[in-house]
Amino acid sequence: MKELGLSSSSFIDVVFLDIDGVIFPFGDREAVEKSSCGAIFPDSALKSLGDILETTGAKLVLSSTWRAKPAFINDIIDSFRKYGDVNGGILSTVDFHDTTDVHYHGERQFEIYKWLIHHKEYFPDEEVRAWVALDDEELLEGEENVKHKSCFLGHVVKTISSIGLTPDDATKAIVLLKAQVNEYI
């Protein structure tokens with residue numbers, strides 16, 4: 001590869017996934033859709049996540065506070081498997097590529113920014129080509145997000161906490177990722 005002037009790095013596209021308010025909606029538990037397969041997350045949110053991953057081939061990076069406990073990560077993966085086993089698709093085999101720093105909990109925007117900046121230290125053969133953050137927290141507006149706002153423009157899909165990830169949100173994420181890939185080429 002070096003003879004052609006190409007890097008030995010491989011490209012990855014990344015979805016930073018928050019859990020609460022994204023695939024685990026808040027709100028009236030009676031009104032929130034349930035899982036038909038025993039997962040702890042609603043079918044519609046899992047389908048939307050699966051659509052993003054299948055369409056883009058992106059890797060998952062867990063940016064939720066759920067990253068702090070291995071048992072919580074196992075619960076997430078178990079729910080992905082339950083959904084995938086019943087409904088087919090990528091969630092039956094997907095795993096987390098990584099998590100944001102489990103020892104640092106601050107503003108979500110900075111946690112993701114820190115991962116992006118330090119990614120090459122831990123994965124020297126990977127270059128992040130495109131990324132999107134799925135989160136119900138504000139990642140663009142407010143004083144706490146001013147410092148890295150320009151880095152996040154065109155990379156955020158903000159969900160409504162009480163509803164979670166919708167098909168429209170999934171479409172937005174896919175469009176953002178594809179646009180970044182097209183810019184990269």
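Side notes on the structure shown:
- From phi via Karplus (6.51, -1.76, 1.60), per-residue ³J(HN,Hα) for the stretch 98-113 in Hz, x at Gly/Pro: 5, 10, 5, 3, 6, 9, 10, 10, x, 6, 4, 4, 5, 4, 5, 4
- Lysine pairs within the chain, Cα separation less than 13 Å, 8 or more sequence positions apart or different chains: 4
- Site pair residue 151 and residue 114 shows an inter-label distance of 1.2 nm when each label is modelled 7 Å from Cα along Cα→Cβ.
- On full extension, the segment bounded by residue 183 and residue 144 gains 11.2 nm, given 0.36 nm per residue less the C-alpha separation.
- Mean Cβ neighbour count within 10 Å, used as a protection proxy, ranking 172-179, 88-95 highest first: 172-179, 88-95
- Percentage relative contact order, the stretch 12-184, counting C-alpha pairs under 8 Å, at least six apart: 34
- Viscosity 0.692 mPa s, 37 °C: Kirkwood-radius Stokes-Einstein D of the stretch 48-185 over Cα pairs, µm²/s: 206
- Distance from the alpha carbon centroid of the stretch 81-126 to that of the stretch 38-75 works out to 9 angstrom.
- Order of 112, 73, 117 - criterion: other Cβ atoms within 10 Å of each residue's Cβ, fewest first: 117, 73, 112
Bear in mind these aren't lab numbers, they're just calculated from the coordinates by the rules spelled out. Being a predicted model, the structure only gives us computed values, none of them experimental. So basically every Cβ, Gly included, is an ideal-geometry build from the backbone, and we count neighbours across all protein chains shown.
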